[in-house]
Structure formats: structure tokens, C-alpha cells
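The structure under discussion appears below in the form of C-alpha cells.
Read the figures in this text as sums done on the coordinates, not as results from a lab. Fair warning: this is a prediction, and the values are worked out from it, not measured in the lab. Counting neighbours? That spans all protein chains shown, and the Cβs are built from the backbone with ideal geometry, glycine included.
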């Protein structure tokens, strides 16, 4: 049982759940995947154009992440 009276009165079917996932969850998830792929392609192109800068940025990000993780453990 849920706390929703409408859902308690009508119930939920597997077909309705599948349709809801296909209509409401899959399109935003696919859009997010496309955005991440586009961002990674842009990042790849920038890294190939300026490899030294990419290494410096990656090293700085690793240092900051390492310091944050080390600080949380204390």
C-alpha cells in the first residue's frame, strides 16, 4: 500500500509502470547521456589540442580530490 489514495483505489499495473518508465524516465536519461557524450568529445578535442594543459588540469584536479578525501578521513 502507498500513501496515495488514488493509487490505492486504482492500483498499478506492470503495463502502466513500463509505459511510465518509457515516457518519463528514458527520454531525460537519453538526453543526459547525449549531453555527457558531447561534453566528453569536447574535452577530448581540447586535450588533444593542448596536451600539457590537459595534464596540468588533470593533475590539479587529482591533487584537490586527494586532499578532500584525505581531509574527510581525519
**Message:** Using only DSSP helix segments of four residues or longer, with each worth -39500 (n - 2.57), what per-residue ellipticity at 222 nm results for the chain after dividing by its residue count and rounding to 500?
**Reply:** -26500 deg cm²/dmol
**Asked** Expressed as a whole percent, how much of the Cα-Cα distance distribution for the chain exceeds 15 Å?
**Response** 76 percent
**Message:** For the chain, set up a GNM with springs between Cα atoms under 10 Å and report which of 60, 47, 29 has the largest fluctuation.
**Reply:** 60
**Fill in**
One finds, for residue 36 and residue 10 with R0 = 30 angstrom and r their Cβ-Cβ distance, a FRET efficiency to the nearest 0.05 of 0.20
